[in-house]
Each structure stands twice: as C-alpha cells, then as structure tokens.
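Colleague: Please find one structure pasted underneath; my questions will follow.
The values are calculated or read from the model by the stated rules, or taken from the named source; none is laboratory data. For clarity, every value in this text was computed on a predicted model and none was experimentally measured. No Cβ is skipped: glycine too gets one built from the backbone with ideal geometry, and neighbour counts run over all protein chains shown.
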Amino acid sequence: MSTQINSQLESDGYCIVPNVFDQPTVEALRAKIEAANRTDIESALKSRGTVFAARNLIDSIPDLLASVDSPALRELLTQTLGADFGLVRALYFDKPSDRSWNLPLHKDLTIAVKDNSLPTTHFSKPTRKAGVDHVEASQAVLENMLTLRIHLDEVTESNGPLEVVPGSHQSGKQNEATPNDRVRILCDAGDVLAMRPMLSHGSGHTDPEGNLRRRILHLEFCGTELLSDGFQWMHFLKFQGSD
C-alpha cells in the first residue's frame, strides 16, 4: 500500500484503491450476487420487484471471500488492521435509476453477532435484521474495523455517488458534519473504496433519466476476533493462507 493511501486513510478516514479488479472479475461478482439474491429471499430487500440491497452475503455466497481475494486488499487490510483481521459482514447495494433512494449522513455503528441478549457494558441497541442479531458496537471495536466497498459499476455524478465527510471518523460516534463538508466518491468499476465505519457518509438519488446502476459489494473487516462480554461475531472469516 502506498504511503499516500495510508496517509489519506489515517487523516481523512477513506481512500480509493484503483483498478483492484478487472472486468471479468467484476462481472463474475455481479453474477454471484444476482444468483444469491434470487435464492436468499430473506436477505434481499426489494422495491417493486427490483433488489436494491441484500444482507448476509457471507451465507448466501459460500466462496465470497475467495472471490475478492487480491494482493492489494490483503496488503491494505494487514497494514491497517494487523495480521489477524477477518471478514465480519457482507452487504450489497444498488441504485437502479427507476428505483433510486437517498441516504442522509450517518455512521456505520452496527455489527452482526451470534447473540445480542447477553448482559453487556460495551454493546447497545440490540436489533434483529434479516434473521441475524445486531448491536451497536463500542468505539474501540469500530476503531479496529475497515470497510471495503467494491464498485461493480462506474460511479458518476448521475448515479447517486456516495458522499463522505473527510476526517469525520476522528469525532467518534458523533455525527456533527454539515452537507457543505461532503466529498463525492467517483470511481470506475473494479475500484475499491476503503473507509472507516465512523466516517460520516450518505448519498443522493440516481438520475431517473440516466438508465444507470450503482452496484456495490460492501465488506466489513475487523482486526480481532475477540469481543468483550462473551459476544461473538456472527462470522469471522480469514483469507486462506493469511495465518
């Protein structure tokens, strides 16, 4: 990982790693996700028959981690989280032009766990999403996480690009940014956006006349498998050969 990428991730809370995946790999990932969305009805979120999001891709795509393995991502994750990192959650987002949606500024504070009913002083706000227990994580856990958003389409000004607030991860869980602070993330298919969970981010609508999509494979990693108070990740998967 270049010094520039490392520095930007630390100071701004995000960075773009270009050209991680070639077109055949991107097309293969699209096909795997579309097949999973057809079979995993509980995890797929639909609007008028169109899937715009999906949870639990680790369960519905058994070879998901192998499908996204690359030297560039291994290096980025190792340098950021240490050698013991693992994949803890995988999501999918789309913004077809005729089924678009917007998202206000927020931070990703929720993690998927095996049991959210345990007594705890570190986790809060237990919920259940698509059959999986979730909780709001402690700041210590979130600081040891990194999200990789693999772009499966080109992202332009017209298809609802993600907007981030540089440096907002440094304020912890507080979401105090204003719309004027935002930077739009424009990428090519195959590029990867790395971002800290506590980075404030949101997005607008896709141009309804553009006939565009904005498909994203959203992967969350953490640097440690051990959680406080007996909590366990729903999943903690390591790249083969990463031990």
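Colleague: Take the residues in the range 120-137 that are of a type in the set (Gly, Ala, Ser) and more than 9 Å from Thr110 (Cα to Cα); name whichever of them is surrounded by the most Cβ atoms within 10 Å (Cβ to Cβ).
Modeller: Checked the range 120-137; the qualifying residue surrounded by the most Cβ atoms within 10 Å (Cβ to Cβ) is Ala130.
For every residue, the table says whether it meets (1) more than 16 Å from Ala90 (Cβ to Cβ); (2) small (Gly, Ala, Ser).
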site: Leu103; (1), (2): yes, no
site: Ile111; (1), (2): no, no
site: Arg128; (1), (2): yes, no
site: Val132; (1), (2): no, no
site: Ser138; (1), (2): yes, yes
site: Arg149; (1), (2): no, no
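Colleague: Next up: In the range 149-159, which residues are touching a strand residue (DSSP E or B) at 6+ places or on another chain (Cβ under 8 Å) and surrounded by fewer than 21 Cβ atoms within 10 Å (Cβ to Cβ)?
Modeller: Answer for the range 149-159, where residues must be touching a strand residue (DSSP E or B) at 6+ places or on another chain (Cβ under 8 Å) and surrounded by fewer than 21 Cβ atoms within 10 Å (Cβ to Cβ): Asp153, Glu154, Glu157, Ser158.
Colleague: Determine, yes or no, whether Leu226 is among the aliphatic types (A, V, I, L, M), out of contact with any helix residue (DSSP H, G or I) (no Cβ under 6 Å at 6 or more places or on another chain), closer than 30 Å to Asn116 by Cα and surrounded by fewer than 16 Cβ atoms within 10 Å (Cβ to Cβ). Break it down stepwise before answering.
Modeller: Details: among the aliphatic types (A, V, I, L, M): yes; out of contact with any helix residue (DSSP H, G or I) (no Cβ under 6 Å at 6 or more places or on another chain): yes; closer than 30 Å to Asn116 by Cα: yes; surrounded by fewer than 16 Cβ atoms within 10 Å (Cβ to Cβ): yes.
Yes; evaluated as a whole, the condition is true for this residue.
Colleague: Answer yes or no as to whether Ser168 is crowded, with 23+ Cβ neighbours inside 10 Å, out of contact with any strand residue (DSSP E or B) (no Cβ under 7 Å at 6 or more places or on another chain) and in contact (Cβ under 8 Å) with a residue 40 or more places away in the chain. Break it down into steps so the answer makes sense when it comes.
Modeller: Numbers: crowded, with 23+ Cβ neighbours inside 10 Å: yes; out of contact with any strand residue (DSSP E or B) (no Cβ under 7 Å at 6 or more places or on another chain): yes; in contact (Cβ under 8 Å) with a residue 40 or more places away in the chain: yes.
So Ser168 fits the description; yes.
Colleague: Every residue in the range 208-223 that is in contact with a Gly (Cβ under 8 Å, 6 or more places away or on another chain) and either among the acidic types (Asp, Glu) or surrounded by fewer than 20 Cβ atoms within 10 Å (Cβ to Cβ) (or both), please.
Modeller: Once the filter is applied, which keeps residues that are in contact with a Gly (Cβ under 8 Å, 6 or more places away or on another chain) and either among the acidic types (Asp, Glu) or surrounded by fewer than 20 Cβ atoms within 10 Å (Cβ to Cβ) (or both), the range 208-223 yields only Gly223.
Colleague: List the pairs whose first member sits in the range 202-225 and is in contact (Cβ under 8 Å) with a residue 40 or more places away in the chain, whose second member is among the basic types (Lys, Arg), and whose Cβ atoms are under 6 Å apart, counting only residues at least 6 apart or on separate chains?
Modeller: Taking only residues 6 or more apart or on different chains, the pairs are Thr206/Lys95; Arg214/Lys95; Ile216/Arg149; His218/Arg149; Glu220/Arg89.
Colleague: Please find, within the range 11-45, the residue that is modelled with the lowest pLDDT out of those that are of a type in the set (D, E, K, R) and in contact with a helix residue (DSSP H, G or I) (Cβ under 9 Å, 6 or more places away or on another chain).
Modeller: It comes out as Asp40.
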